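Notes to accompany the following structure.
Each value in this text was obtained by applying a stated rule to the coordinates, not by laboratory testing. From a predicted model like this one, the values you see are computed outputs, not experimental measurements. Ideal geometry is used to build each Cβ from the backbone, glycine not excepted, and the neighbour counts take in all protein chains shown.
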Amino acid sequence: MVVEEEKTAALDIQKILQNLGHTVTSIALSGEEALKELARLEKLKNLKSLDGDKPDLVLIDTDLLDKGEGIEVAHKIRTLFDIPVVYLIDSTDETTLELARATEPFGYILKPFEEKEFLTTIEMASHKHTIDRKLIESHEQLRNLSLHLQSVREGESTRIARVVHDELAHLLTALKMDLSWLYKRLPKGQKPLLDQTKSMSKLTDMIIKSVQRISLELRPVILDDLGLVPAIEWQAQEFEGRTNIKCEITIDCGDNNLDQDRSTALFRIFQEALTNVARHANATKIKVSLKERPDKLLLKIEDNGRGITEEQISDPKSFGLFGMRERVYPWGGEVEIKGLSNKGTTVTVILPATLNHD
Ligand SMILES: Nc1ncnc2c1ncn2[C@@H]1O[C@H](COP(=O)(O)OP(=O)(O)OP(=O)(O)O)[C@@H](O)[C@H]1O
Ligand SMILES: [Mg+2]
């Protein structure tokens, strides 16, 4: 598609392109006309009509009606229709170039036009567009793979936690009862046997505790049985007992109607934030709040430790932080992390509510 105010210039360009073996699908004499035509094609495409083929490339004059107007239109074409744009540029003044650069064009062709320049610029632009597409696709694939692996892992943890909790703990309790039965029936004079049975019973107690801990670490049953709020309260209490870091909780949210996937995502983020506080913050206190707003659910974890730095937040090796963000990505959620030196770190999770009941 060519977007050019002067019809004769547009026709010249069409001729050059045809000589080079390209087809000009349409000529638009204004930005408005171009956007209208692209919207029409997009609509047809969505209706799966064969006439809905969008152009592979748009060549656009930077100065349409007004100076620089083409740049604005080009930006819309890129964002709304995902079509690469090459600028036809009249002047090389810095402001125009600067504005044009900001829209990340696929190339520039300076007036007066030369056939050679068209050939190379168009080749480069379509090559760059293909690479961009592939990059986006592979990024999307990796993201999906990571989500898939995470959900497989979560499923496994849930299954093992259930087996450990329900079966192992059950069997061990039966063993403990058998030992107590034995202890009561052993002759009173057999002290070594009595002592040994007692010690076996104590050992069984320890194994039961350890099995319960392993099951909880894998996945707390409370999350599946009672939901997010009790699970967060339980985890905070457990954290306080284990680390001696005071945990203050505010819950301002109605009946928990989050589905299992969303609850799991928020709970795992909460756990990662707590682990980070224990490992890195050197904090003495944390404040946790879970708030429900008409349009979103907010989970905030605020510590009074040394404060995370900007470098740590944006470090590509910060996989824990990266994982938090990825957890809420499927629902358009966000995780904001802020640190203030020697004041503390705040992690805020925003989960849009509009998608809560889909
Ligand atoms: N609450 C916090 N206070 C201070 N620094 C923090 C806090 N949370 C994270 N950090 C810093 O940010 C870095 C990145 O955190 P992240 O959770 O991504 O990785 P990690 O905890 O080091 O390793 P893991 O992959 O096991 O989570 C940490 O190494 C730490 O330096
Ligand atoms: Mg971490």
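With the Cα gyration tensor of segment 148-218 giving a ≥ b ≥ c as the square roots of its eigenvalues, does the rule (a/c under 1.5 for rounded; else a/b larger than b/c for prolate; else oblate) give rounded, prolate or oblate? Don't jump to the answer; show the numbers that get you there.
On the way: a/c = 6.66, a/b = 3.68, b/c = 1.81.
Here segment 148-218 falls in the prolate category.
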Report summary line: Across R293, R101, R219, the residue with the highest GNM fluctuation in the chain (Cα network, 10 Å cutoff) is R101
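Output the pairs from K296/K338; K45/K128; K7/K116; K43/K76; K176/K198; K246/K287 with a Cα-Cα distance over 18 Å in this structure; if there are none, say none. Could you put the intermediate results ahead of the total?
Working: K296/K338 20 Å; K45/K128 23 Å; K7/K116 22 Å; K43/K76 16 Å; K176/K198 10 Å; K246/K287 8 Å.
Check vs 18 Å cut-off fails for K296/K338; K45/K128; K7/K116.
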**Report entry** Candidates G21, G227, G254: whichever shows maximal mean-square fluctuation once the chain is modelled as a Gaussian network with Cα springs under 10 Å
**Finding:** G21
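Quick one: grab the alpha carbon gyration tensor of segment 205-265, order the square roots of its eigenvalues as a ≥ b ≥ c, and give me rounded if a/c is under 1.5, else prolate or oblate depending on whether a/b is larger than b/c.
Values: a/c = 2.83, a/b = 1.33, b/c = 2.12.
Cα axes put segment 205-265 in the oblate bin.
Give me M177, M200 ranked fewest to most by other Cβ atoms within 10 Å of their Cβ, as a rough exposure proxy. Could you put the intermediate results ahead of the total?
Working: M177 12, M200 16.
So the residues, fewest neighbours to most, are M177, M200.
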Query - Rg ratio (alpha-carbon, reference 2.2 N^0.38 Å) - segment 2-113 - result: 1.03
Requested in this report: For segment 195-330, calculate the relative contact order in percent as a whole number, restricting contacts to Cα pairs under 8 Å that are 6 or more residues apart.
Outcome: 21
Query raised in the report: Toward the positive end of the charge dipole of the chain, about the Cα centre and with charges on Cβ (Lys, Arg +1; Asp, Glu -1), which of L216, T96, L38 goes farthest?
Result: L216
Requested in this report: Identify all lysines with a Cα-Cα distance to K291 below 18 Å; exclude those on the same chain that are fewer than 8 residues away in sequence.
Outcome: K300
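Sort D178, D252 by Cβ crowding within 10 Å, fewest neighbours at the top. Show your work: numbers first, answer last.
Numbers: D178 13, D252 10.
Ranked by crowding around the Cβ, least crowded first: D252, D178.
Taking every DSSP beta bridge with both residues inside segment 222-356, roughly what % is antiparallel (nearest 5)?
Working: 22 of 29 bridges.
Roughly 75 percent of the beta bridges in segment 222-356 run antiparallel, per DSSP.
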Query - Evaluated over the chain, the Cα radius of gyration and Dmax, each in Å - result: 31.8, 116
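Please label the shape of segment 93-158 as rounded, prolate or oblate, based on the square roots a ≥ b ≥ c of the eigenvalues of the alpha-carbon gyration tensor (a/c under 1.5 means rounded; beyond that, a/b larger than b/c means prolate, else oblate).
Numbers: a/c = 11.65, a/b = 2.88, b/c = 4.04.
It is oblate, given that a/c is not under 1.5 and a/b is not larger than b/c.
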Requested in this report: Considering only DSSP beta bridges where both residues belong to the chain, give the percentage that are antiparallel (nearest 5).
Outcome: 55
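Counting other Cβ atoms within 10 Å, keep those with at most 16, restrict to DSSP loop, and tell me which GluC sites (Glu not before Pro) in segment 1-73 are left. Present the calculation step by step, with values, prior to reporting the outcome.
On the way: sites: E4, E5, E6, E32, E33, E37, E42, E69, E72; in loops: E4, E5, E6.
Those satisfying the criteria are E5, E6.
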**Report entry** the chain: most fluctuating residue of L218, L44, L147 per GNM, C-alpha cutoff 10 Å
**Finding:** L44
Requested in this report: Grab the DSSP H runs of the chain that are 4 residues or longer, score each as -39,500 (n - 2.57), total them, divide by all residues and round the 222 nm result to the nearest 500 deg cm²/dmol.
Outcome: -18500 deg cm²/dmol
